[in-house]
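What follows is one structure encoded as structure tokens, with my remarks underneath.
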């Protein structure tokens with residue numbers, strides 16, 4: 001869980017009154033225009049304003065990079081493996097793909113008995129490992 005949370009985006013760059021400003025994720029709203037620089041984590045789900053090359057391995061487990069065209073959806077938690085791109089937020093941080101993954105892991109850890117966590121490498125339930 002610690003490794004997962006260390007990957008969580010905490011802030012991103014949003015267009016405000018014609019200027020790009022770094023802001024905390026809890027201040028994002030649907031419809032905000034965001035800039036995602038090379039190696040940044042996509043902070044919230046949204047629609048790409050142009051092409052983007054994304055590393056979605058934290059979301060899918062696939063090791064190859066994915067190229068998406070403008071108008072496609074970018075999911076939170078993916079890493080920008082290409083040049084800077086812009087996107088329009090279609091979800092808040094609380095309702096993002098990445099937040100959903102964190103909630104599922106937390107629920108699995110909470111619902112798993114202490115004995116199973118001790119007996120299972122990594123502390124994951126056998127049904128979820």
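The values are calculated or read from the model by the stated rules, or taken from the named source; none is laboratory data. Small disclaimer: the values here were computed from a predicted structure and weren't measured. Here the Cβ is made from the backbone with ideal geometry for all residues, glycine too, and neighbour counts use every protein chain on show.
Can you find a residue that is touching a helix residue (DSSP H, G or I) at 6+ places or on another chain (Cβ under 8 Å) and modelled with pLDDT under 80 anywhere in region 59-75?
Residues of region 59-75 touching a helix residue (DSSP H, G or I) at 6+ places or on another chain (Cβ under 8 Å): 59, 63, 75.
If we keep only those that are modelled with pLDDT under 80 too, we end up with 59.
Yes, the conditions are met somewhere in region 59-75.
Residues are listed down the side, and each one gets a yes or a no for (1) in a loop (DSSP other than H, G, I, E, B); (2) within 17 Å of residue 22 (Cα to Cα); (3) touching a strand residue (DSSP E or B) at 6+ places or on another chain (Cβ under 9 Å):
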{"site": "34", "(1), (2), (3)": "no, yes, yes"}
{"site": "43", "(1), (2), (3)": "yes, yes, yes"}
{"site": "50", "(1), (2), (3)": "yes, no, yes"}
{"site": "53", "(1), (2), (3)": "no, no, yes"}
{"site": "59", "(1), (2), (3)": "no, no, no"}
{"site": "63", "(1), (2), (3)": "yes, no, yes"}
{"site": "71", "(1), (2), (3)": "yes, no, yes"}
{"site": "77", "(1), (2), (3)": "yes, no, yes"}
(request) Answer yes if at least one residue in region 62-72 is farther than 11 Å from residue 86 by Cβ and under 14 Å from the mean Cα position of the chain (by Cα), and no otherwise. (result) no
(message) Could you tell me how many of the residues in region 30-51 are over 15 Å from the mean Cα position of the chain (by Cα) and either more than 14 Å from residue 76 (Cα to Cα) or at pLDDT 95 or above (or both)?
(response) 6
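In the set 23, 105, which member is at pLDDT below 95 and touching a helix residue (DSSP H, G or I) at 6+ places or on another chain (Cβ under 9 Å)? Full working, then the answer.
Numbers: 23 fails: touching a helix residue (DSSP H, G or I) at 6+ places or on another chain (Cβ under 9 Å).
Result: 105 is the single residue among 23, 105 that is at pLDDT below 95 and touching a helix residue (DSSP H, G or I) at 6+ places or on another chain (Cβ under 9 Å).
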